[in-house]
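Take a look at the structure below.
Derivation of every value follows stated rules applied to the coordinates shown; laboratory data play no part. Keep in mind the model is a prediction, meaning the values are calculated, not measured. Because the Cβ atoms are built from the backbone with ideal geometry, glycine has one as well, and the counts that use them run over all protein chains shown.
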Amino acid sequence: MTPPQSDRLGGKGRQQFLDLVKPADQTTFSPQERKRWIEQTYSAFVSPSQANRHYYRVFLEVLWPENSGIPGPQVSEDELRLAIDQFRRRQHRGNQPYKPYVDVFRRLRELQGEEGLVGIAKRGRVYQLVQLQIEPKKIPRIQLSDQDWVKICQQYQGRCAVCDRHESEVQLQQDHKIPRSRQGHNTLDNWQPLCRECNNFKSTACRGCDLNCQTCAWAFPEHYSPLRLSPANDAQLRQTARREGYSVNQLLNQIIQQFFA
């Protein structure tokens, strides 16, 4: 087995999951070889988060269980979520009630994409480790300093850049407008605050996308996101359009033209 190359950092785009394979053509490894590969892979993770590196290892232990060859067994999302939950419960300390982890599959996408484990396959809600190849890793994700994060949040008035909900309603997360997988940089003009929900939606939308980030509503919602009307205004606009024989868009543009005139 070739040890992972943790010093090979690249800017490749987001990798696509492979397809599942039948386990009939398994390559067998001794328990010592399996353990050594997992240890080497774990030690070469480039994520700056110790917690995330632990989660990545849990995935590897589940996708390549003891006494199994490669390709490994096909593992459901529920099994992976349960493994992370059991690990976190063992680590849980303090008097605060335990909360289930919500970013399980974001961490799995990072393992496959950012950590270079391109041998993970996926179909629907089922995953499988089909090969041990590890490709060059991405530059590690960074976190903004508290001072810079406050500056970014103030720029957006403490609101999610996409859905416009305030930080009093949602938890805002740091997001690269142009993803690092698309050569997005770490300068302040490439950051925006997104709520957890919008951040997850954006991550899904970016997966496998090859469209121009510069005209994307997820990357630059202040320029390209759809305009939002209040429910009352939307209803009144549609009712008036039907009565006057206009399309909704015709009436809306007429109102705007008259306003600016």
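Descriptive notes on the structure:
- Exposure proxy ranking, count of Cβ atoms within 10 Å, fewest first, for CYS206, CYS198: CYS206, CYS198
- Neighbour cut-off at most 15 other Cβ (10 Å), DSSP loop, trypsin sites (Lys or Arg not before Pro), segment 202-261: ARG207, ARG228
- Exposed loop sites were defined as GluC sites (Glu not before Pro) in DSSP loop states (anything but H, G, I, E or B) carrying at most 15 other C-beta atoms within 10 Å; in the chain the longest segment without such a site runs 67-166.
- As a proxy for reagent exposure, ASP175, ASP85 were ordered by neighbouring Cβ count within 10 angstrom, fewest first; the result is ASP85, ASP175.
- Sparse-neighbourhood loop sites, trypsin sites (Lys or Arg not before Pro) in segment 125-172 - DSSP loop, at most 13 other Cβ within 10 angstrom: ARG125
- Residue exposure sequence - THR41, THR204, THR187 - by fewest surrounding Cβ within 10 Å: THR187, THR204, THR41
- Given (1) 48, 42, 38; (2) 77, 44, 39; (3) 84, 55, 37, the label whose value is Cα extents along the principal axes in Å derived from this model: (2)
- Inter-part distance, segment 149-224 to segment 39-71, computed on C-alpha centroids, equals 29 Å.
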